[in-house]
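For reference, the structure discussed in these notes is given below.
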Amino acid sequence: MLVLPAELTHVQAQTCLNVLLQAAEAEAAPQVLVDASALTRFDSSALAVLLECRRECLQDGKGFAVRGLSPRLRELAQLYGVLVLLPDPAAAESAVLAAA
């Protein structure tokens, strides 16, 4: 499981993305799970990081899910129309089972 830091703004975005991508590449599971529950200070860069990580995981043939999205981050994702791209683990697992 990959874990987001407590703070993820434009300042930390590239470093955080690099760390997540390295960890996702090393992940042996067919689905990469990101835990966002520690994230308390963020801007839209947090969504950009999650979406880029998702894109890379899908390109590598891995599923992608995010747990622990705060209500504020969930609202921001909904506002930008990308919430559906950041499924919670239960929804992502259902999609994987349906595709099999």
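Which residue fluctuates the most in the chain, going by a Gaussian network model with Cα springs under 10 Å, if the choices are L50, L79, L33? Taking springs between Cα atoms under 10 Å, the residue moving most is L79. Using the rule -39500 (n - 2.57) for each DSSP H run of four or more residues, divided by the residues of the chain, the 222 nm mean residue ellipticity is -17500 deg cm²/dmol.
Overall, the chain carries a charge dipole of about 180 debye about its Cα centre when +1 sits on the Cβ of Lys and Arg and -1 on the Cβ of Asp and Glu, all other atoms neutral. Per residue, the chain exposes an accessible area of 57 Å² to a 1.4 Å probe, with every protein chain left in place. Of the solvent-accessible surface of the chain, computed with a 1.4 Å probe over protein heavy atoms with every protein chain present, carbon and sulfur atoms account for 57 percent. Note that the stretch 54-68 has calculated 3J(HN,Hα) couplings of 4, 4, 5, 5, 5, 4, 8, x, 9, x, 8, 8, 10, 10, x Hz, one per residue in order, obtained from phi through the Karplus relation 6.51 cos²θ - 1.76 cosθ + 1.60 (θ = phi - 60°); glycine and proline are x.
Under conditions of 37 °C and 0.692 mPa s, the stretch 15-66 yields 292 µm² s⁻¹ as its translational diffusion coefficient, taking Rh as the Kirkwood radius over Cα pairs in the Stokes-Einstein equation.
In whole angstrom, the chain maps to an equivalent ellipsoid with semi-axes of 21, 16, 11, each derived as √(5λ) from the alpha carbon gyration tensor and ordered largest first.
The values are calculated or read from the model by the stated rules, or taken from the named source; none is laboratory data. This one's a predicted model, so the numbers in the text were calculated from it and none came from an experiment. Quick reminder, even Gly has a Cβ in these numbers, built from the backbone with ideal geometry, and neighbours come from all protein chains shown. Only protein heavy atoms, including side chains, enter the accessible area calculation; ligands, DNA and RNA are left aside. Shrake-Rupley method; radii C 1.70, N 1.55, O 1.52, S 1.80 Å.
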